[in-house]
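Contents: one structure, followed by commentary.
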């Protein structure tokens, strides 16, 4: 069983006896003896062999391994194709969502800027003796002051986000 499993898994990986021997730091004849059942690998070689053939040691020592049929490979390839298509759709949906958020941010910044320009800071002419007007005027002034300083950064980030999330051609 071990000898057949080593041969089957080596061939399934597309390795020659020489290539496997080099990877395991043994001579080709050693691999040949393992496959003919004339000798068995020691514990360290068995672990290295299992790692190189990408299989658990228990599978090497267990029942005879059968190579995957061509139909199995085709079925796996088809499943991977479906999964890749789903992942591509999800990535595209995330890109579109992010682009929409960046466009909305740019629109909000532009709308607030236009509104502030149209209002011409009306609070500057108010009578601040009235406490309610004073609080509202200070709040409006603080908003306008902060907006004027932060809006260019927000607009630049939004434009960069829009550019970075555009659909790539090609």
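The values are calculated or read from the model by the stated rules, or taken from the named source; none is laboratory data. Every value quoted in this text rests on a predicted model; they were computed, and no experiment measured them. Methodologically, a virtual Cβ is constructed for each residue, glycine included, from the backbone with ideal geometry; neighbour enumeration extends over all protein chains shown.
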### Task
Among the residues of the stretch 136-170, count how many are out of contact with any helix residue (DSSP H, G or I) (no Cβ under 6 Å at 6 or more places or on another chain) and in contact (Cβ under 8 Å) with a residue 60 or more places away in the chain.
2
### Qualifying residue in the stretch 121-135 (condition: surrounded by 14 or more Cβ atoms within 10 Å (Cβ to Cβ) and either in contact with a helix residue (DSSP H, G or I) (Cβ under 6 Å, 6 or more places away or on another chain) or at pLDDT 95 or above (or both))
yes
### Query
So how many residues does the stretch 119-157 have that are within 39 Å of the chain's Cα centre (by Cα) and farther than 16 Å from residue 109 by Cβ?
0
#### Entry: Count - residues of the stretch 12-22 that are modelled with pLDDT under 90 and not in a loop (DSSP other than H, G, I, E, B)
1
